[in-house]
1. Tell me the total accessible area that B and A bury against each other, 1.4 angstrom probe, in square angstrom rounded to 100.
2. Distance in nm between label sites at C:K297 and C:E33, each 7 Å beyond Cα in the beta-carbon direction?
3. When chain C is treated as a GNM, springs tying every alpha-carbon pair under 10 Å, which of C:I47, C:I229, C:I303 comes out with the largest mean-square fluctuation?
4. With angles folded into 0 to 90 degrees, how steeply does helix A:118-137 sit against the dominant principal axis of chain A? Use alpha carbons for both and round to 10.
5. Calculate the dipole size of region A:3-257 relative to its Cα centre from +1 charges on Lys and Arg beta carbons and -1 charges on Asp and Glu beta carbons; express the result in debye to the nearest 20.
6. Among the lysines, select those whose C-alpha is under 30 Å from the C-alpha of A:K228, and discard any that sit fewer than 8 residues away in the same chain.
7. Say each of A:L94 and B:D208 gets a label point 7 Å from the Cα, pointing the same way as Cα to Cβ; how far apart are those two points in nm?
8. Considering only protein heavy atoms and a probe of 1.4 Å, how much of the accessible area of region C:70-166 is carbon and sulfur, as a whole percent?
Amino acid sequence: MRLSRTVFLFSRFLAQNIKIKLEYKADFIIMLFSGSVLQLLGVMFLGVLYSRIPPIQGWTMWEIVLILASIFFTEGVVSFAFEGMWRIVRLINLGDMDRFLLRPVSPILQILTYDIGAHGIGNMITGVILCVIALSRTEILWTWDRILYLPVLIVSAAAIRTAISFAANCSGFWLTSFYNAFPLMVHQMADFAKYPTTLFTEPIQFFITVVLPYAFIGYIPAVYLFHKQPWGAAAWLAPLVAVWCVLIARAVFYRGLRRYDSPGN
Amino acid sequence: MLTFQKYLRHVLCAIQETTAYRASYFINIVSQFVSYIAIFFLWRAVYTGNSVIGGMDWNDMQGYLLISLFTSALISGSSEFRVSRSIWTGNIAVELVRPVDYQKANFSITVGNGIAEGVLVAAIGILFALLIGFAVPPASPAAWLCFLLAVAFSFITKFLIVYIFGLFTFWTTGGMGLSWLRRGLTDFFSGAIIPLSFFPGWLKAAADVLPFRGIVSVPATIFIGRLPPSQILATFAVEAAWIAALWWLARLIWHFAMRKVTIHGG
Amino acid sequence: MNVIETKGLCKSFRSPLKKPGVLGAVRHLFRPEHREIVAVTEVDLAIAAGESVAYVGPNGAGKSTTIKMLTGILLPTGGEVRVNGLHPYHQRMRNSKNIGVVFGQRTQLWWDIPVIESFTLLRDIYEVPEKTYAENLAYFTGMLGLAELLHQSARRLSLGQRMRCDLAVALMHNPAIVFLDEPTIGLDVAVKERIREFLKTVNRERGVTIMLTSHDLGDIEDVCRRLIIIDAGRIIYDGSIQGLLDRYVKQRSIRIIASARIDQPSAARAMPAGVEIVHADEREMTVEFDRFRYTAKDVLEIIMTAAEVVDFQLEEPDIERVVKNVYEGRLELEQGA
């Protein structure tokens, strides 16, 4: 599909979804609120932890808060724009995937934009606020390449998260149970990215750098931005990692679609 | 007797349903562990260089995390999902015409799920604990008894909180936001990821009056012997009071939900 | 030119095999068993542009599965399939521009927004030129009476109203073929009538090829000229509706009313082989006869020897009965007949 058409349809779907969400105001507010509360609880956790102990492996609390905040922010962007992927299991089980397959538009685009997550707005706002606070309490030596890196990071991190969660949700093609914990589990593994990767044993480090490259959405960029290690420049691999993840997710989807048996009727 | 059998049947059906989808069943089990792995390593890193934090040493902490994992596995995401699912698929109408008490039926089903999943998680957890050689179990039979009682309280309390949040699905379109909020609140205030004794005074005071602490903190601290025996009775009394309150609160919310259903036709 | 062509089309699903009870469930957990369910097998179809075809069969016969393979939702497990010369699964996006689909129990409309907004969204999705869209919208609004529905949200529409909107959606992008899976299910007679009229008109005026599944034989007789019957995944009849009757309905019946009480025993004695009294009353009688051996006139003459006929009614062979026999497995149609 042409990129301009994709962008056009994406904006059409997004606008439509916002209109729909505004019909259910209570829902909207609850989601917004719960998104923010959840992130604040995450920060409180760190606050309580750090109030008892000195820096963990040379990372101060505000440095970790900055990692956390950037993860919140991209998570917010992803849930706001692409929340539809969390409906895949439902779409498969109720046979509602059918109508996406009947239209001359990529089913992936239709699934991603099937819903928006109002809590994403909460995440984005908390993320930005926390970023600002954390930035004022940490010291980053801003070189031009680090400034240039920021937009690259946001786009790549959003793409990595979307691709991984999307692929994980595609497990619904194989696991036909109505409740599927697998995507949530994969999503939760992003927890590993919230702390310095060196906290974990080597198999886990390998896992979150190579298998599910969550390290590229939080820890590795932070190493680079804070000048922690000379290898921090590896953070520039993030866009490549993102492309790789997207291609895999796409392949997983089309493999799964072959198994789709369109229940109902 | 017949009434009892009716609900027992729910328990058995739930066991069957939980295990109906093979792969999903095992994945549900595995996913219970995943989030704890991150937490485990975080604490391990925290404890290197600090022997005692918040009155707990690394051994205590491991036992604490083990119980936290176990209690959270007893009511997993799938039970939570059940209530909201039947509401948004409209299946609630079918369940409503049956001659059973919805709240009790749901409780029975959750017990069934808990048996099907919790048993395996407990087995794996204990195996894991023995392998690493940590977690000092309660010393006396009395302590064991208290612990088991605390687990029962934990189960009922968590069920009620999950159920109440599930009922809110009547007023929203998707259960997800609420279930996240629920999970965030319970995880934090129950002491699932960070023991309450680490909290600053004002926060601990808040956590102490809330019902959440019965879910993880009470059974876990009893297990590792950090809850003074003199306080155990009073703690149980407070928990029982909370359970009664939540049970009737759920009934009340249900009552309002039914009014909404009859107006909107499900 | 054939717009739909399949050769040896097959589809089978894998389904878990479970023993009852908690023990059975636990056993499946560790040693799962599956079995193959054949939904459609060896289906050959050749449908020309402009035809209107009814695709009929009992529940679970494979109707929906076939339609879903033709529309690109399901990947066939075997055989060849071409719709407008395209493979519906592998060239799904291109194929979807040429087809319109209506599933009776599903809707293409967005639940929470006004119908007209669903229409414009679908216009953008199908890249319908503004001029075509305006023309079609006016045409369908008139024919289906959509004017007062367009500004309501889909969730407020009745089933019949929604189905009318869905028909418009399916045809908005001028597809060459439209597939309808149970379009009249659960609708009242007036709406059914309107939908049938609509389908006949677009078939006639716009040359749209129609493939329709339905349990309502009224739909089939009214809209379609050709009938394909599928049973247990196999096609058991493909031909005209009249052809089916000629070949498989041997019996016709005649109902008479007599001026006086009929003497039943003597009437029964008067009937030769192949003519049978199926219902008798004081002054009324229904007789069934082999329509290939006797004409209606023959039978009437025989009856008149036993009763004073004042009125009679001839009942024509009935497709409903044939299909019912197929559904109940009583009529074994020959393969390829």
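The values are calculated or read from the model by the stated rules, or taken from the named source; none is laboratory data. In this text, all values refer to a predicted model and were calculated from it rather than measured experimentally. Cβ atoms come from the backbone with ideal geometry, glycine included; neighbour counts cover every protein chain shown. The area values use the complete protein model at the heavy-atom level, side chains included, leaving out ligands, DNA and RNA. Shrake-Rupley method; radii C 1.70, N 1.55, O 1.52, S 1.80 Å.
1. The contact between A and B buries close to 4100 Å².
2. Once both label points are built, they end up 6.6 nm from each other.
3. Looking only at C:I47, C:I229, C:I303, the biggest GNM fluctuation is shown by C:I303.
4. 10
5. I would put it at about 420 debye.
6. Reachable lysines: A:K194.
7. Inter-label distance under the simple model: 4.7 nm.
8. 52
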